[in-house]
1. Those residues that are free of Cβ contacts under 8 Å to residues at least 12 places away in the same chain and more than 11 Å from every other protein chain (Cβ to nearest Cβ), I need them from the range A:82-91; list them, please.
2. Of the residues in the range B:44-96, how many are over 21 Å from B:Lys563 (Cα atoms) and either outside the structural domain of B:Ile13 (by TED's automatic domain parsing) or of a type in the set (Phe, Trp, Tyr) (or both)?
3. Can you pull out every residue in the range B:892-917 that is over 20 Å from B:Thr870 (Cα atoms), touching a residue at least 12 places away in the same chain (Cβ under 8 Å) and surrounded by fewer than 16 Cβ atoms within 10 Å (Cβ to Cβ)?
4. Every residue in the range B:577-606 that is surrounded by fewer than 19 Cβ atoms within 10 Å (Cβ to Cβ), modelled with pLDDT under 90 and assigned to a helix (DSSP H, G or I), please.
5. Mind listing whichever residues of the range B:961-977 are among the hydrophobic types (A, V, I, L, M, F, W, C), surrounded by fewer than 16 Cβ atoms within 10 Å (Cβ to Cβ) and under 12 Å from B:Gly913 (Cα atoms)?
6. When you scan the range B:310-320, do you find a residue that is assigned to a loop (DSSP other than H, G, I, E, B) and more than 14 Å from chain A (Cβ to nearest Cβ), even just one?
7. Which residues, counting only those in the range B:426-448, are within 14 Å of another protein chain (Cβ to nearest Cβ) and part of a strand (DSSP E or B)?
8. Could you please find all residues in the range B:599-613 being in contact with a Phe, Trp or Tyr (Cβ under 8 Å, 6 or more places away or on another chain) and in contact (Cβ under 8 Å) with a residue 60 or more places away in the chain?
Amino acid sequence: MFVIKCPFCGEREQSEFKAGGEAHIIRPKQPTELSDDQWAEYLFMRKNIKGIQFERWVHTHGCRKWFNVVRDTSSDKIKAVYKMGEKPPSE
Amino acid sequence: MSKNLRVKSSKFIDETYKVSFKFNGTTYYGYKGDTLASALLANDIHLVGRSFKYHRPRGIMTAGSEEPNAIVQLHNNTSRTEPNVRATEIEIYEGLEASSQNCWPSVNFDIGGINNFLSPVLPAGFYYKTFMWPANFWEKYEYFIRKSAGLGKSPTEPDPDIYEHKYIHCDVLVIGAGISGIMAAKTAAKNGFKTLLVDEKSYLGGSTIYQNSEQFKINNQISNSWLEKEINEIKKFENLEIKTRTSVAAFHGYNFLLARENLTDHLPLDQRTNKTRQRLLKIRAKKVITATGALERPLIFDNNDRPGILLSSAIEKYANLFGVACGEKNVLFTNNDSAYETAISLYQKGINIEAIIDNREEIDSKLIKEAEKNNIKIYKGFTIVNTFGYKRINKISIMQLSKDGQKVVGSKISISCDCLGISGGWTPAVHLFTQSGGKLKFRDEDQVFIPDIYPSDQISVGSCNGDFTLDEIISSVPNKLKEFLNIKKTDYDNLEIYSSYNKSKRNIWLLPSDKVIGKTKPFVDYQNDATAKDIKLALREGFRSIEHVKRYTTTGMGTDQGKLGNMHALGIISETAGSKMGELGTTTFRPPYTPLTFGTIVGRNVGEYFDIFRKTPIHDWHVKNKAEFENVGQWKRAWYYPKDGENMHDAVQRESKAARDSAGILDASTLGKIDIQGTDASEFLNRVYTNAWSKLAIGKCRYGLMLNEDGMVYDDGVTTRLGENHYIMTTTTGGAATVLGKLEDYLQTEWPELDVYLTSVTDHYATISVCGPNSKKIVSQVIPELDFSDESFPHMSFKNTKIDKIKCRVMRISFTGEHSYEINVQANYGKSVWEKCMEAGKEFNITPYGTETMHLLRAEKGFIIVGQDTDATMTPIDLQMNWIVSKKKYDFIGKRSLYRSDTIRDDRKQLVGLLTENPDEVLEEGAQIVADIKKSPIEMLGHVTSSYYSPNLKKSIALGVIKGGKNMMGQKLIIPMENKQINVTVADPVFLDKENKRLNA
């Protein structure tokens, strides 16, 4: 069980949070103009990286805020935490 | 009466405090401070159990938690019984009762012992090979296999003990209170770290604390007396907490560890009442220092498992710590200097040593000289080729090893003995380190795995790091601590060490024999009876991966996780397969390090505390009126209210009829309620529901259907517009939390530009639904000042009003198809408003109804229940609810998915009504629906989702999903059941009042 530093509340146990899958997948503004394949790409296709992964997490049992986490999936080390809308750290 | 092998008093044993205990029905005596194993050995009892597969007699092998053989059942046939307890760990107490496992009728005469003689036909993978064919015979084999296999018996009564969980946060956690752990804890505490020191034993000091020999000195003091002073000092630190009898079970990422603290297992039963038995410690440490020591390796030779064969270090511990001789004619067998430490200890205690057999030919250390000086006979360059004695070793045969160690040469020499100590060198206890994600490296010179890459802020020190000898420990630990804790000096920087231990070792994984391997039984895993022969067989049969060999031979899969023999298994595999040890890897060490009781894992979460449950504000009334309850999510909901001994069916029929004939009342407080405010609230609802919301007038209600982005129905409920920018949304009872979560997700991440605020108000309101033709008369009595005329208060509208002085919201909405009202009032007034309704409804026979009747009533109207009539594969189109999907809206969650190639298929499962040929026949929910019963295989068209007997229609009704069901109206289908077929007709899902006349009646 790891410790996540919520950008609003500080360090908390992982059990207070929920993972929300890959980050920076933007819902298309005009879904009706997309082909089935393009829509499926948005809807279903997610990366599953061994290594550095950008993910969404929510502080379910805390402030209920969503934010982004950069995590190494092979070691569970969290490299960075940043708020929604903020630019992801490069490297 | 058996012999007394207590030799010389030990300060760890209180000889003034005699303790009686029973083993296999016989009463014995030991002393306070004894473990069950030491007390049995003092009574000259070695035979304690039978092995798992061959039922071979087995004795005590070790003196610690790595014990493979001496596992016993405590307090058989009582509620406190516990299987698989290691006799080497359990401390004796007055009244202890232990018995052997895996033997019948007794450990001395065990029927299963015949397996030993059948062993040629019980090779590795025997069960896999034999019982694979014919497959349906397994049921016949299983009974016999289960009867003859298995270790202890699980208790059949509830556990009478109390367990609890506790969180601990510390700066430094030190695991293991041997010499390295004591040095680490003192250094950390002295430098101001909040420190926790844990050890699985009842005493501090590890193996050094009983190392009472002139051969090992620190600052010119014998090592144990030096350490004793250190221990006395660490007890003075206020920032150092010490927990003994505390075994770390798991080391997870981010320095999160689980430990079991044993509080009462060493106390007599009558002193345990109302005390916590075991505590699961959940430790979060900033830094972890692992000082878990090392485990002595056995040696692998023919018949190396007889009672009377122990690890050499265990014999030393029994002599030094417990004052017990394991035998009167002792032989030691070794490939390194450790056995000489044992020999000298025994000699000092006056315990007879017949001989030492040493693999090594040329040896020359101070320890060996000391042994020779004491006239102990040493056979250099020899190995044991066989042992004798069925229930206790009585003789060994030895032969000379060839130069390369591959063969034996010369003639056999027999030595009689009653106890054999074996020492194959040491294996660092790296279990916890690898559990934490650490990577090991292989050290060729002494063939050990030691920690290499640390995944978190932790270090391993002492012998778990491969620094086995006193001088290695003293020279390495202080420097490691300085670096790890970032400090300048320790108390141990200039210690003077005297150690006569020489590190030379002759490592031979499988010792040669004069017999071919097929005729020998060199045990590698004692508990699971895996021999070197089995491992070689697995390799011949093509297994290569260590993980596969492990599972095929069951090596290392016992309750001891193969703590003794895993290294030998690896060694034998690498030698046989010709691969290098370091490249072969190891099997994975998994938590827990030693088994945990279920009680410890569960803690206080038992009985009524197993899970939290939520009660509505009207709950007490339901209890008083004898409601049966149903669990819906965490809620306890009134299910039905049986009257005068009614069964569920009768109660539901009565309630359903009353609700339609006159009036019914339902506690709907559990429905999720989300308060939505903000200037963009209407736009937000447009985006999350399939239908349009902009034009909903203030004071009006509307039903909404919510989809997932994949187009599948997610939730539904009525939302009411309270003001220009203010709505209240209701969700399903089970979906309340996830719907709020989903809405928050979209608001925060996709549409942060929207001015919308969401608040869960589920618990803030009690919701009372009064339905039926007389509902208006009842509610207007409760709220006299409100105008209930259809013009002023039509269906799907809402009013703010008051009951007495209490503000409430009344919605005229219906889930039953009846004219009905929902009163929402501040939760703490819920029960009194409910009682007012009951009072006002008396003359109309107002009938409280529960969830079952609610389900029946809505099914009569063909209203869906999300999660019952839908699963995650139903679109609104599949539900024949096209009317609720806006064609005009540009976008809403899930819209685009409604015309993917898959969602527009005609042959998707679609919701339909089902009527049985025999109107009295009620279908089973979940039953499969087919068209052609002769076709093979029969094609499943769908299944029944809801089914009831409707008292209002006087016939059976059901809803179901059927492939292409939309176009099958009137078609006859079949529901095949176990003993019959039921004929059904596809029908409109709305069975009652299609014109909605009752809503406005």
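1. Scanning the range A:82-91 gives A:Lys87, A:Ser90, A:Glu91.
2. Of the residues in that region, 1 qualify.
3. Listed by number, the list holds a single entry, B:Glu917.
4. The answer is B:Ala577, B:Gly582, B:Glu583, B:Leu584.
5. Scanning the range B:961-977 gives a single hit, B:Met969.
6. Looking through the range B:310-320, none of the residues is assigned to a loop (DSSP other than H, G, I, E, B) and more than 14 Å from chain A (Cβ to nearest Cβ).
7. Result: B:Lys439, single match.
8. If the condition is that a residue be in contact with a Phe, Trp or Tyr (Cβ under 8 Å, 6 or more places away or on another chain) and in contact (Cβ under 8 Å) with a residue 60 or more places away in the chain, then B:Gly599, B:Thr600, B:Val602, B:Gly603, B:Arg604 are the ones that fit.
The values are calculated or read from the model by the stated rules, or taken from the named source; none is laboratory data. The structure displayed is predicted, hence computed values, not measured ones. Here Cβ is always computed from backbone atoms with ideal geometry, including for glycine, and neighbour counts include all displayed protein chains.
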